[in-house]
Amino acid sequence: MGLLRSWRRRRVLARTRIDPALWQQVSATLPFLRGLSDEERARLRELSKLFLSEKQMHGAQGLDLTDAMRLSIAVQACLPVLNLGLDWYEGWVGIVVYPGQFRVQKEEMDGHGVVHTIDADLSGEAWPGGPVILSWQDAGMSESGYNVVIHEFAHKLHMLHGDDDGFPRPPAGADAAAWRDALERAYARFCAQIDAGKPTIIDPYAAEHPAEFFAVTSETFFTDSGLLARDYPELYERLAQFYRQDPAGVLPASNRTE
């Protein structure tokens, strides 16, 4: 299967072309790509071609997905796996894009153990083994510290091996216990800051669950890397080790998994 997949991907790369004007148009709307080298941009472009070939993207509620919209989502989804590879997104194919927030029914348990069914408006959702669902209104935003596409695809990374408790498996060669301990310490520190009412550059929603902490801090890692490295240096280093990227440019190469 690996050889067949490689052969198919070589054919896609050889036969698929992204219009340079379209690439420039989309890249200009994603300011967090500015720190990439020319070589990294070229690899991101190739990875985006493969992503668009292997994933099925559909508009919901009458949304007509343009080439620019599809490419924008692909580029944002591929940035986290730039040095990991597209196989981290294996096992599912669907991406559903709504014009704006979409409503779902969720079950939540209160402090007394009673389960309540509530309606919630979401900007994104990722299902284990299933699709990624996005709001285009939010996917088109480029604010520092906020990126719904990176958020939902970060969820796909920790779901890869059927592990939905929050943190992905450690990078190859890393000490698993030390890796998990570092992330749990960072999560506990962040929750304590939220409980104490202290300001933080990370969205307070990250305190909801370890899975949300990983997804939200991944957003910050890629879109506001300098502040994350300044305020949460150990967390930044662990994410750099996992993603094999250093968007803030503050770590020696030895601190990243090659």
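The numbers here are math on the coordinates, done by the rules we state, and not lab data. Because the structure is a prediction, the values reported are computed rather than measured. Cβ placement follows ideal geometry from the backbone for every residue including glycine, while neighbour counts extend to all protein chains displayed.
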inquiry  = Using a 10 Å cut-off around each Cβ, can you sort VAL81, VAL149 from fewest to most neighbouring Cβ atoms?
reply    = VAL81, VAL149
inquiry  = Just to be sure I follow the rule: in the chain, considering lysines 8 or more places apart or on different chains, how many pairs have Cα atoms under 28 Å apart?
reply    = 4
ask   = Among VAL96, VAL132, VAL75, which one shows the biggest mean-square fluctuation in a GNM of the chain, springs joining Cα atoms closer than 10 Å?
value = VAL96
query = Tell me, how many Å apart are the Cα centres for region 175-222 and for region 35-70?
reply = 29
query = If each residue's Cβ is checked for other Cβ atoms within 10 Å, how do TRP7, TRP136, TRP88 rank with the fewest at the top?
reply = TRP7, TRP88, TRP136
inquiry  = If the elastic network links every pair of Cα atoms under 10 Å, which of ILE150, ILE95, ILE133 fluctuates the most in the Gaussian network model of the chain?
reply    = ILE95
key: Sorted by Cβ density within 10 Å, fewest first, the residues CYS78, CYS191   = CYS191, CYS78
request  = Could you check which residue among ASP246, ASP64, ASP138 shows the biggest mean-square fluctuation in a GNM of the chain with a 10 Å Cα cutoff?
outcome  = ASP64
task = Take every Cα pair under 8 Å in region 1-71 that's 6+ residues apart, average their separations, divide by the length, and report that relative contact order as a whole percent.
result = 43
inquiry  = So for the chain, averaging the separation of alpha carbon pairs under 8 Å that are six or more residues apart and normalising by length, what relative contact order in percent results?
reply    = 15
ask   = When the helices in the chain are scored as -39500 (n - 2.57) per DSSP H run of 4 or longer and the sum is shared across all residues, what 222 nm value do you end up with, to the nearest 500 deg cm²/dmol?
value = -14500 deg cm²/dmol
